[in-house]
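Novice: Mind looking over this structure? Questions follow.
Derivation of every value follows stated rules applied to the coordinates shown; laboratory data play no part. Keep in mind that this is a model prediction, so the values were computed, not measured. So basically every Cβ, Gly included, is an ideal-geometry build from the backbone, and we count neighbours across all protein chains shown.
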Amino acid sequence: MTMATATRSRPTGPPGYSKALPRAEETVQTARSLARAAVATWGMDHLATAAELVMSELVTNAVLHAWGPSLRVFVERPADDRVCLTVVDRAPQRTPKLRTPGPDDATGRGLLLVDDAADRWGYDMLGPRLRPWGKRVWAELKAAP
């Protein structure tokens, strides 16, 4: 798999890749490319479009709502028929919530798309329970049987 040198593959455990990226709009395309390349490497091309969409929405949310200079994205295959897409950011107080945007709202549909495309999704706090330093937002895609 040919990716920038800052992309790390997991040396042990289930297959996976991670990459630290700047919290900037341009990061969305890089994260989408990582998701597409990883699922192609695993022979799961049929999940490429959904993986790109989900990763795009998760990263966009982190770019818009987190703080700090960077975030980290992960693309993992926890099982032969599953891909997990994850974004870690430093905004534990800003948890993802499904909204019902109005017809004239320009934003607010990203998590609806994630909810539709993913088999399941959620978030976990990172750090001490009383003073978390960040969160992990993840979504799992399941390959059709």
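Novice: Once fully extended, how much extra length lies between Trp42 and Asp81, figured as 0.36 nm per residue of separation less the alpha-carbon to alpha-carbon distance?
Specialist: 13.0 nm
Novice: If each residue's Cβ is checked for other Cβ atoms within 10 Å, how do Trp121, Trp67 rank with the fewest at the top?
Specialist: Trp67, Trp121
Novice: What is the sum of charges, Lys and Arg at +1 and Asp and Glu at -1, for the other residues whose Cβ falls under 14 Å from the Cβ of His65?
Specialist: Neighbourhood net charge equals +3.
Novice: Could you give me the percent of Cα pairs per 5 Å distance bin for the stretch 16-142, shortest bin first, beginning at zero and ending with the bin that holds the maximum distance?
Specialist: Percent of pairs per bin, in order: 2, 12, 22, 23, 20, 13, 6, 2, 0.
Novice: Given only helices, namely DSSP H runs of n ≥ 4 each adding -39500 (n - 2.57), what is the per-residue ellipticity at 222 nm of the chain, to the nearest 500 deg cm²/dmol?
Specialist: Result for the chain, helices only: -9000 deg cm²/dmol.
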